[in-house]
1. Each label point is 7 Å from the Cα along the Cα-to-Cβ direction; what then is the distance between the points at Arg85 and Arg67, in nm?
2. Cα centroids of the stretch 60-126 and the stretch 142-157: how far apart, whole angstrom?
Amino acid sequence: MTEGEKTRLIAWGNELEAVHRRLRDALQATRAALGAGTTARPVEGELLPFCHGFCAALTGHHQGEDRELFPVIAAQHPELRETLRKLQQDHALIAELVEDLQVATEGSHRPLEALESQLDGIAAIMESHFGYEERQLRTILDTITLDANPHDVFGPL
């Protein structure tokens, strides 16, 4: 294995952590827009673009993992199939919460407290999920063979 190949392998773990940081930043920007007293209605405030951007990024990240990354890990490390199943269950739960948030921001006036509560729920599950994923997969990501575009694997963030 050349040094370039080893660097590319190690970069998958770094890429995962970098994407998680960017998603955390997107969540913070969404919270800041909400905290500034904006409304969820697109004509009255700026929350809608923040929510859509964050929701699309988080959804794209999880879909990429499910489609591109997890099958490779399962094939190369069958002992991790149960871990991957749990991560995919988290993805499904987060997708439902994200969909609920999107519906809430597109509907009629919603109290900002209700939207804050929805963001808090997503944030709590997202943080737990990211921590578990990093603990369980970081070492594996440094060793897997995966010839793919990072945007396809981790989403377009």
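1. Distance between label points: 2.5 nm.
2. The stretch 60-126 and the stretch 142-157 have Cα centres separated by 18 Å.
Here, each number is a calculation from the coordinates, and none is a lab measurement. In this text, all values refer to a predicted model and were calculated from it rather than measured experimentally. A quick note on method: Cβ atoms are made from the backbone with ideal geometry, for glycine too, and the neighbour counts reach across all protein chains shown.
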